[in-house]
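Some notes on the structure that comes next.
The values are calculated or read from the model by the stated rules, or taken from the named source; none is laboratory data. The structure presented is a predicted model; accordingly, all values stated were derived computationally and were not measured. Heads up, the Cβs are rebuilt from the backbone with ideal geometry, glycines too, and the neighbour counts pull from every protein chain shown.
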């Protein structure tokens, strides 16, 4: 019975799809089309099986029995079809029938995917275009940077997931507490905005998006941070500070600072009675980040502020202060928590002169370097001379791995001390300088 063209195409497709020996040939033709955008070139079949040899012999009417591989010309294949009962079928039609809905070149696929991605982000932007977070999304998509790469990566992983995450993060960012001059704990804020207090927990997609949005706020409002934020090895504190600057307290547990002789005014201009009480009683006070979030300024009453790295040194010095002597001290307790940085920010903005001293080891010098970078001329590196290092030199050996941390120092005084540490390969600890500290203060 004579077949019409449509029936002939269907029969050709059935023939190639039902013959096991053509599977690799069809796949090779498909990949070649994807690469070239048209049916052409050659398809190479290595390690021919007996089934493939039989199929090729039936199609090309020649022996493949002694061949280990075969190179099939697409031009030759088209010629063979024209001489067969499938004379009205071309190889592109064959491929489209064998791979329905899948036949497009890589270039066409890239253009299609780019268009779909553009529409995806355009639809989201339309929902937020007159808002703070809408401006962020627009700028991110224009900039070929890390944040755009993050969005595209998440888009490729899950469009629906990213749409949901962006919705939560962008809606939340438009309601950052800083816009209403408020402060909220992050879990409470998350619950209010999403119904889930853990929505913005570390490690979640929404958490990273909120970090990007907080950074965008700071770029638009540089006055929100007059000093350089802490950087480098203190990644947790950098995140804490990012959130704090948009009115969110991320981690309250252990986020305290110890102070002595310091007074703070709240946003209404009144002295904080609790902190004032400790100051009047000449007692150290533990101040939480939550308390500091409500303070407008801090003062040392015109006295220099001595900032110490170690809690033991801080406590020892307080125990030796004369009862009738006024002084102002702050203890950052090693790696500076955000609470310590916020208090020092408040003091710095009031023009208080600060003096910092810490340990003579790679970690201690990195802390000193971060604080010096943050406060510049407002902070003096105190007792960082060779004689100070020799005086407090210990027998604690510094490993080569720890020594590498000295490579990133920028301040000349700290670089000099770093060279001394390399020479002696030992650390010095500020406990050995307490007498000198007290002599300077009184």
Query raised in the report: In region 43-73, how many are farther than 20 Å from residue 27 by Cα and either touching a helix residue (DSSP H, G or I) at 6+ places or on another chain (Cβ under 7 Å) or buried (at least 18 other Cβ atoms within 10 Å of the Cβ) (or both)?
Result: 2
**Report entry** Selection count, region 16-25, where residues are in a helix (DSSP H, G or I) and either buried (at least 17 other Cβ atoms within 10 Å of the Cβ) or outside the structural domain of residue 65 (by TED's automatic domain parsing) (or both)
**Finding:** 5
Query raised in the report: Regarding residue 188, is this residue surrounded by fewer than 15 Cβ atoms within 10 Å (Cβ to Cβ), at pLDDT below 90 and farther than 20 Å from residue 131 by Cβ?
Result: yes
Report summary line: Those residues of region 192-214 that are surrounded by fewer than 15 Cβ atoms within 10 Å (Cβ to Cβ) and part of a helix (DSSP H, G or I) come to a total of 1
Query raised in the report: Is it the case that residue 246 is within 27 Å of residue 162 (Cβ to Cβ) and at pLDDT 90 or above?
Result: yes
Query raised in the report: Just one of 321, 341 is out of contact with any helix residue (DSSP H, G or I) (no Cβ under 6 Å at 6 or more places or on another chain), under 20 Å from residue 359 (Cα atoms) and assigned by TED's automatic domain parsing to the domain that holds residue 378; which is it?
Result: 341
